[in-house]
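**Q** Mind having a look at this structure? Questions to follow.
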């Protein structure tokens, strides 16, 4: 994790839907991560880095460009295992990302088998390494955030479906927002510590809200009424498989926790519909005559933004010997102090 200061999520201008999706993934990483689609220069990496502040570990790991499978999953030392009777594991990117955020820029340019591997571990929360009859597993629970520019290539539908939520960034910000983005970026660059101090109260409020939601999450039932509503809408949208139903239900529960509610309500189902179906829908919304229209979630954020202050770096960890086996409700986003 880099010690360099980074632009806080609470100070990002606009991008309310993306900030909401990222917060939901931070509340429940089992949702399966967030795929952000949009052109360059839309502060995608800045937003992703800000999610680390919402997690207990606060770790932000960027997948190195051109990383091999061994560097991602880690390696097992066969010589140590055969000669000393113990497994020696050299941790990879997935081990380092545990408890934090794993950021994959231009995920659509990765080989399919590596994308598949990342999504497998993100969904299970466990990384399993097997080599010549030896195996080792370790926890790897992280928030997976991938970005892609569709002009540079698409992801296969089978891989798209495995990302929990998708947000598509479109259009340039309005002139007033553009000016505010530049003002805040200049203020951050001129004195990062003063800028962070100015936004500290808003950062802490957002951290507290997400922390409270995580604590409350397990107490919110995944009830049959919500599931039936979601199943009907998934059927009407013509989605393939059942992953959309599960993701949508988990995201609705996370949204209820975000609101500080104790049960999933219609507004929670509506608020996350476009996140769950954006990359899975086969039928256009206007063809679903019986389906209520999704409502946009209320603005959850003040007007904030900036660009990333460098990419997260991953340093290899040394090999080590291992034993075998192994709410309170807050209204809206924090306001500018």
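Every number in this text was worked out from the coordinates using simple rules, so none of it is lab data. Just so it is clear, the structure is predicted and the values come from calculations on it, not from any experiment. A quick note on method: Cβ atoms are made from the backbone with ideal geometry, for glycine too, and the neighbour counts reach across all protein chains shown.
**Q** Sorting check: for 274-280, 216-222, 137-143, which peptide has the highest mean count of neighbouring beta carbons within 10 Å, and how do the rest follow? Intermediate results must be reported in sequence, preceding the final value.
**A** Numbers: 274-280: 22.7, 216-222: 14.7, 137-143: 20.3.
Ranking, from highest mean packing down: 274-280, 137-143, 216-222.
**Q** Could you tell me the convex hull volume per residue, in Å³, taken over the Cα atoms of the range 150-265? If you can, show how the numbers build up before the last one.
**A** Working: hull volume 20.7 nm³, N = 116.
Value for the range 150-265: 178 Å³ per residue.
**Q** Another question about this same structure. Please give the peptides 55-64, 90-99 ranked by average Cβ packing (other Cβ atoms within 10 Å per residue), highest first, as a rough proxy for protection.
**A** Ranked from most to least packed, the peptides come out as 90-99, 55-64.
**Q** Right, next: At a 10 Å Cβ-Cβ cut-off, how would you order 228, 106, 17, fewest neighbours first?
**A** 228, 106, 17
**Q** Which residues among the range 238-258 fall inside the zone where the amide N is under 11 Å from a point 7 Å beyond the Cα of residue 225, along Cα→Cβ?
**A** none
**Q** Give the dimensionless ratio obtained when the Cα radius of gyration of the range 187-240 is divided by 2.2 N^0.38 Å. If you can, show how the numbers build up before the last one.
**A** Working: Rg = 20.2 Å, N = 54, 2.2 N^0.38 = 10.0 Å.
Dividing the Cα Rg of the range 187-240 by 2.2 N^0.38 Å gives 2.02.
**Q** Okay, next question. Which order results if 131, 281 are arranged by neighbouring Cβ count within 10 Å, fewest first? Write down the numbers at each step before the final one.
**A** Numbers: 131 14, 281 19.
Result, fewest neighbours first: 131, 281.
**Q** What relative contact order, as a whole-number percentage, does the range 1-175 give when Cα pairs under 8 Å and 6 or more residues apart are counted? Please list the in-between numbers first.
**A** On the way: 302 pairs, mean separation 55.5, N = 175.
Taking the mean separation of contacting Cα pairs over the length of the range 1-175, I get 32 percent.
**Q** While we're here: Say R0 is 35 Å: what FRET efficiency, to the nearest 0.05, do residue 182 and residue 124 get from their beta-carbon distance?
**A** According to the calculation, E is roughly 0.25.
**Q** Let me ask something else about it. Using alpha-carbon positions, what is the distance between the centroids of the range 116-132 and the range 27-60, in Å?
**A** Cα centroid to Cα centroid, the span is 20 Å.
**Q** Beyond 22 Å, what percent of the Cα pairs of the range 1-175 remain?
**A** Working: 6874 of 15225 pairs.
In whole percent, the long-distance tail amounts to 45.
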